[in-house]
Each structure stands twice: as C-alpha cells, then as structure tokens.
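Read the structure below first, then the notes.
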Ligand SMILES: Cc1cc2nc3c(=O)[nH]c(=O)nc-3n(C[C@H](O)[C@H](O)[C@H](O)COP(=O)(O)O)c2cc1C
C-alpha cells in the first residue's frame, strides 16, 4: 500500500524550501535507487550531487538552453542531481556491438527506471523532485565534470517541497491499454 501511495502521490516539485538536504539522506536515496533493475544488472546509472551554489547557478544559467522555467526550477532547489549513464554498456555486447536492434534504447530505459526509483525514494523521506529533460548536455558535462564515457540522462532537482501541486490529469485506462 505504501508503495502505491508513493507511485500515485509523488509529484513534480518546482518550488523548494531553502532547507539543506543532508549527505546522509542523499546517500540513503542512492542506496535505494541502486536496487532498480538494469540490463544484465549492468548498473550504469551514476549520480553527481551538486550542492555548491555557484556550480548549480552555472548550470541554471548556462546549460538550460534559455528555458527560463528550468532555470528557476534549478535555482529554487537546494540540490541538483545530474543523472548520467555509462555509455554503450546497457543493451550492448562486451565487444561493443548492439545486442538487439534497439541499439542505445536500453541505456535510456535503465536510466528512466533508476530515475523513478530515485524520485520515489526521495518522496519516502519527505523530499520533492523534478526530472528535467531540457538541458544542454555538453554544457552540463563540462560544468559538472561528467566523464566522456558517460551520457547525461536527466537533471533532477531535489529538496523539501514548498508547494503541494495537484496531480496533472492522467489518461483513462482504456486510452492507454488494450487486452488481447
Ligand atoms: C523525461 C522527463 C522530462 C521532463 N522534463 C521536464 C523539464 O525539463 N521541466 C519541467 O518543469 N518538468 C519536466 N518534467 C516533468 C513533467 O512535466 C511531469 O512529470 C508531468 O507533467 C507529470 O507531473 P507529475 O510528475 O507531477 O506527475 C519531465 C518529466 C520527465 C519524465
């Protein structure tokens, strides 16, 4: 039941309190998130935790492709997480060839699962999150010192919520499913 509550009640949070999030709490969230399933248990998700205000502001200003909403989202949150994935492991054979016709799809798929596990874990500790897909990958990599061997999968704002938004409307079950 608690699990279902988290799945349904977690919301994207775009306004945060200024309270800091302890390193211990962030490590607990990562501890939980690492139990997310992944391609052949390859565990390619990596978490770069940014609490340094200058670095965070640099990303907000220079890596959000002038999308001011994300600039504000990042500036509001006390923590910004860069979720990256080690490149060309998930969905690939050891010799570097794609293991399925889906190519690089599975790398993003694994990142998505890890991302949701991270966000749900954060919710469990009373924290809000916002997944952001609008960013300049090269700029994020440069500012957050992400190695060339990784791709940036998403940015995640993290902090104690200062708003309680309603759930945006969901499609009907009949619109999104079919039984054969
Ligand atoms: C892959 C992905 C990218 C997203 N990118 C952004 C973003 O760049 N900026 C933003 O404000 N919200 C972003 N969102 C949040 C969605 O708008 C949000 O999840 C959706 O409206 C449903 O709301 P909920 O998370 O409260 O259920 C993103 C969500 C996902 C999963």
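Read-outs: derived from the displayed coordinates by stated rules, not from any lab. For clarity, every value in this text was computed on a predicted model and none was experimentally measured. Glycine gets a Cβ as well: all are built from the backbone with ideal geometry, and neighbour counts include every protein chain shown.
Considered as a group, the residues in the stretch 48-68 that are assigned to a loop (DSSP other than H, G, I, E, B) and away from the ligand (no atom under 16 Å from the Cβ) include one that is surrounded by the most Cβ atoms within 10 Å (Cβ to Cβ), and that residue is 51. The residue of the stretch 1-44 that is nearest to the ligand (Cβ to nearest atom), among those that are part of a helix (DSSP H, G or I) and under 13 Å from residue 159 (Cβ atoms), is 29.
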